Amino acid sequence: MLQAVSVVHRGLFHSCAGLSVRMSSTGINPKGLLANRVAVVTGSTEGIGFAIARCLAQDKAHVVVSSRKQQNVDLAVATLQGEGLSVTGTVCHVGKAEDREWLVAKVLEHHGGLDFLVCNAAVNILVGGTLKASEEVWDKILNMNVKSPALLLSQLLPHIENRGMRAVILVSSIAAYVPQAKLGVYNISKTAMLGLTRMLSLELAPKDIRVNCLVPGVIETRFSQFFWNDFKKEHKLQRQIPDMCSVLLHMLGQPEDCAGIVSFLCSPDASYITGESFVVTGFSPRL
Ligand code: NAP
């Protein structure tokens, strides 16, 4: 009993902030929580995806990182391998069918299949209100943020191994709960991810594949720089966010704050959790 509690505790409350500060294994599975599993993480050469890739690899999964640019893939792979982690990488622009096929081929070639898919890559176009957005902008955002995770999953599905723990993690945003005026269609695409999570969890339950959703708040990455840069300078963010909510832990989240929950959701500790969304926002945006 004590052992089970300590595993859950570790999975839930200790972020993968880097090798030096990560909790060591409790000894329950000395090989690592996710040993001998293969995880594919899209958009994982920096920011939240990179932190997730590192955390999964620290839990001893083999991780396939990917993004649009070869040089970014090479750098991310070199960095993580330099930390002694089991990581390979390949280029994949998730909005391009041929790149998704390439990713599938590489996963099969190197690993023969996979256990976990984390759909993290997304696009964010600052067009303001939805009614001002062109059809091209609607198509680009919905194609990238909503369609491509579903299409990639359907391409990888025949190759998701039946080894007892199989999980898909989609990435939404606080903008799904608290839409931001500047973000227009992006807000809607991220709300759609909550629906996609519910729908896919239903479809994949008979196959014993769990589907859950990570909902990051304002996390200090390049992606959200437009949002936090000015506020940070003027120390306004802290005042703005509590207007939308009641409690704020601290000013900005870091990518590592989003990583431990993904490892947990892939682990056996989450074996009875599916169709659920997990907010990592420093406050509670829900009732
Ligand atoms: P980030 O730091 O800008 O990193 C984005 C990563 O995705 C990079 O590795 C980038 O590498 C890759 N990428 C970009 N476009 C891609 C594409 N079309 N196909 C494949 N890879 C692509 O972003 P982030 O802040 O970590 O955001 C990651 C996810 O979290 C997104 O789904 C975002 O909506 C969500 N999110 C972020 C925040 C936040 O505050 N940061 C808040 C809520 C939700 P390349 O340039 O080499 O492609």
Among (1) in a helix (DSSP H, G or I); (2) touching a helix residue (DSSP H, G or I) at 6+ places or on another chain (Cβ under 8 Å), residue 168 falls short only on (1)
When the stretch 188-215 is checked residue by residue, the ones that are touching a helix residue (DSSP H, G or I) at 6+ places or on another chain (Cβ under 6 Å) and free of Cβ contacts under 8 Å to residues at least 24 places away in the same chain are 191
Flagged in the stretch 86-96 as open to solvent by less than 20 Å² (accessible area, probe 1.4 Å) and within 12 Å of the ligand (Cβ to nearest atom), in numbering order, are 90, 92, 94
If you go through 182, 147, the only one that is more than 21 Å from residue 212 (Cβ to Cβ) and either more than 10 Å from the ligand (Cβ to nearest atom) or surrounded by 23 or more Cβ atoms within 10 Å (Cβ to Cβ) (or both) is 182
Q: Restrict the check to the stretch 63-72 and report whether at least one residue is charged (D, E, K, R) and either in contact with a helix residue (DSSP H, G or I) (Cβ under 7 Å, 6 or more places away or on another chain) or open to solvent by 50 Å² or more (accessible area, probe 1.4 Å) (or both).
A: yes
Here the residues within the stretch 49-76 that are among the charged types (D, E, K, R), closer than 23 Å to residue 172 by Cβ and over 14 Å from the mean Cα position of the chain (by Cα) are 59, 68
Restricted to the stretch 255-270 and to residues being closer than 13 Å to residue 212 by Cα and not aliphatic (A, V, I, L, M), the residue farthest from the ligand (Cβ to nearest atom) is 267
Residue 83 vs (1) within 13 Å of the ligand (Cβ to nearest atom); (2) among the charged types (D, E, K, R); (3) more than 17 Å from the chain's Cα centre (by Cα): all pass except (1)
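May I ask you to list the residues in the stretch 109-123 that are within 13 Å of the ligand (Cβ to nearest atom) and either open to solvent by 20 Å² or more (accessible area, probe 1.4 Å) or within 12 Å of residue 61 (Cα to Cα) (or both)?
120, 121, 122, 123
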Result of the Cβ filter at 8 Å on the stretch 93-116, keeping first residues that are more than 16 Å from residue 70 (Cβ to Cβ) and among the hydrophobic types (A, V, I, L, M, F, W, C) and partners that are within 16 Å of the ligand (Cβ to nearest atom) and open to solvent by 60 Å² or more (accessible area, probe 1.4 Å), at least 6 apart or interchain, is 97/151
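The values are calculated or read from the model by the stated rules, or taken from the named source; none is laboratory data. Predicted model only: the values in this text are computed from it and were never measured. Every residue, glycine among them, receives a Cβ derived from its backbone with ideal geometry; neighbour counts consider all protein chains shown. Just the protein is used for accessible areas: all its heavy atoms, side chains included, with ligands, DNA and RNA removed. Shrake-Rupley method; radii C 1.70, N 1.55, O 1.52, S 1.80 Å.
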